[in-house]
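**Student:** Before anything else, here's the structure in question.
No value in this document is a laboratory result; all are computed from the given coordinates. Quick caveat, the model's predicted, so the values are computed rather than measured. In this analysis, Cβ positions are derived from the backbone assuming ideal geometry, glycine residues included, and neighbour counts consider all displayed protein chains.
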Amino acid sequence: MARRRIQPKPSVELETVTLRLPVHLVRAVDQYAKYLGGSSDRTYVITQAIEIAMAQDKDFQKTATGRAAGALPAAVRTNT
């Protein structure tokens, strides 16, 4: 399976979500954002990781395509 790398950060509308993560994961996310450089931050890295995971989950894609059109952002939909 080909791996998809996280791309540069685009400008998007955000909604605040509060969650708790293990300390080691937060540190790793921060390190990855620093590695990516530019305006990458925790929010961007976590958002991209979630989008990549959902886009690669074929079972999820099948379920999601059965719902109302536009239920998933284009970044998550696949062309299958």
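**Student:** Tell me the net charge near Leu36. Cut-off is 12 Å between Cβ atoms, Leu36 excluded, with +1 for each Lys or Arg and -1 for each Asp or Glu.
**Tutor:** +2
**Student:** Need one word for the stretch 23-63: rounded, prolate or oblate. Basis is the Cα gyration tensor (sqrt eigenvalues a ≥ b ≥ c); a/c below 1.5 gives rounded, then a/b vs b/c decides.
**Tutor:** It is prolate, given that a/c is not under 1.5 and a/b is the larger ratio.
**Student:** Tell me the net charge near Val26. Cut-off is 10 Å between Cβ atoms, Val26 excluded, with +1 for each Lys or Arg and -1 for each Asp or Glu.
**Tutor:** +2
**Student:** So, with +1 on the Cβ of K and R and -1 on the Cβ of D and E, and no other charges, what is the size of the charge dipole of the stretch 6-59 about its Cα centre, to the nearest 20 debye?
**Tutor:** The calculation lands at about 280 debye.
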